[in-house]
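Have a look at the structure below, then the notes.
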Amino acid sequence: MIYQLVAIFVSLLFITPKKVQYPNFRDKNQMRIDLGIFNKIIYILLILSLVFVAYYVSNQGYTGKSEIYDAGPLWVRIVFRFPLIISILYTMSIINYYSEHKYLPKKQMSLVGGALLIITLFSGERDFVFRFIIITIMLLWMLKKINLKHLFIIAPIIMTLIPLSHTFKYYFLTHNISNGSENWIQSLLSGEFESASRNLQELVNYSEIVKGSKGFEQIGIDFLSVFSSEISSPTKWFADTFYPNNNVGYGFTLTGEGYIIGGIFGIIILFSIVGLLIRFFYKNSTKNIYSFSAYLYFLTIIIYAIRADFSTILSGIVKQIGLVLLVIFIMERITKVPKINRKNNLECKME
C-alpha cells in the first residue's frame, strides 16, 4: 500500500546519518559500570519473581492475558512489568560481563531466557520472550559472535516460531491450542505481519470519516498521554470505534495514526519524528553502556509500535528506558559510596 511505502521512505530519509562505529566492548572504561551486589540481588529477585508469578497464574484458572490484567491482583500486574526492567538489566549485565571477561555469560543468558520463556508460556505475553530474542541477536551481532550466515539460519527459525507461538499461545493456561484452517505460510502472513496492514485498510475503507479526523494536535496528546492514564490512545480509539463489542486485542498501526492525523501529510510528519528519534538513539548509542542499552531496547519498542501507535514509542522512552536507566544509574552511584568512604577512612587512619 502506498501509505506504508511513504512511511518507510520518510523514516529512512531521516534515520540515515553517517555510520557510527560500534563501541569497544572490551574497553572497561567505556562499556562497563559497577552494578554492585545490591543490583545483582535485585536482578536475581526479578527473575525469580517471574517464575513464581507463572506458577501462581497457572493455578488460578485464567484463560488469557486480558483476564489476568483485568481480574488479576495488583501484585501480579506489577510483576508483569518486570520483564521490561529485566531486558535492560540483561543488556547491561551481558556487556559488563563481556568487557571484563572477554566471553559471554552463557549461564546467565540461559537463566534470563528461561525465566522469560516460562512467564510467556503461562501468560500469553509473547512480547516478553521475543524482545529477549531480538536483544540477544543484536548483542551477538554487535559483539561479532554471529554473522550473515548465522542470520540466514536464525531468520527462518524465528519466522516458524511466530505462528507456532500463536497456536500454543494459551496452551499452558487452558490446555487448548488455537486451531486454524491456514497452512504454515498462510498462518505466518496472516498473523502479526498482516494486522497492521489490515487495520490500516479498515481506516482507508472509511476514509471520509476518519482521514485527518484527529488532527495534528494528536501528536501533542500522545506526549501528554505518557503522564496521564486517563488520556485515550489511538489504539484504544480504534478498538472502541471498529470493534466495540470485541475483547480481542487487534492492536493498531503507526501508519494508521499518521493517516487519522492528516492523511498522507500526517504520515510524513509522524514518520519524520519517528525517524529523528531513531537517528538520535543511533548516533548516541556509542557514548556509554547506558546509551547503548537504551538504543537496543528502543529498537524493540519501534518494532512493537508498528502495530500500535506513537504514544507507545513515547511511553517506552519515558517509562521504560528513561525510568529504568535512571534507577540503575542512581543505584550504581549509591553502591560506589561505601567504597569511597572506606577508602577515605583508611587514608585518615594512615595519616
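None of the figures in this text is laboratory data; all of them are computed from the coordinates on show. Owing to the predicted nature of the structure, the values given are computational and were not obtained by experimental measurement. Heads up, the Cβs are rebuilt from the backbone with ideal geometry, glycines too, and the neighbour counts pull from every protein chain shown.
One equal scatterer on each Cα of segment 256-314, no solvent, Debye formula: the resulting log10 I(q)/I(0) at q = 0.20 Å⁻¹ is -0.74.
For the chain, a crude dipole built from +1 on the beta carbon of Lys and Arg and -1 on the beta carbon of Asp and Glu, taken about the Cα centre, is about 1780 debye to the nearest 20. Here the relative contact order of the chain, from alpha carbon pairs under 8 Å that lie six or more residues apart, stands at 26 percent.
For segment 50-209, the dipole from Cβ point charges (+1 on Lys and Arg, -1 on Asp and Glu) about the Cα centre works out to 860 debye, to the nearest 20. On the beta carbon distance between R77 and E230, with R0 = 22 Å, the FRET formula returns roughly 0.80. Considering the values [x] 21.3; [y] 28.7; [z] 17.0, which represents mean projected area of the Cα convex hull in nm² as calculated for the structure under consideration? It is the one labelled [x]. Taken as Cα centroids, segment 290-328 and segment 127-149 sit 17 Å apart, rounded to the nearest whole angstrom. Based on DSSP H segments of at least four residues, each scored -39500 (n - 2.57), the chain has a per-residue ellipticity at 222 nm of -23000 deg cm²/dmol. Between Q201 and K319, the C-beta separation translates, for a Förster distance of 35 Å, into a calculated FRET efficiency of about 0.70.
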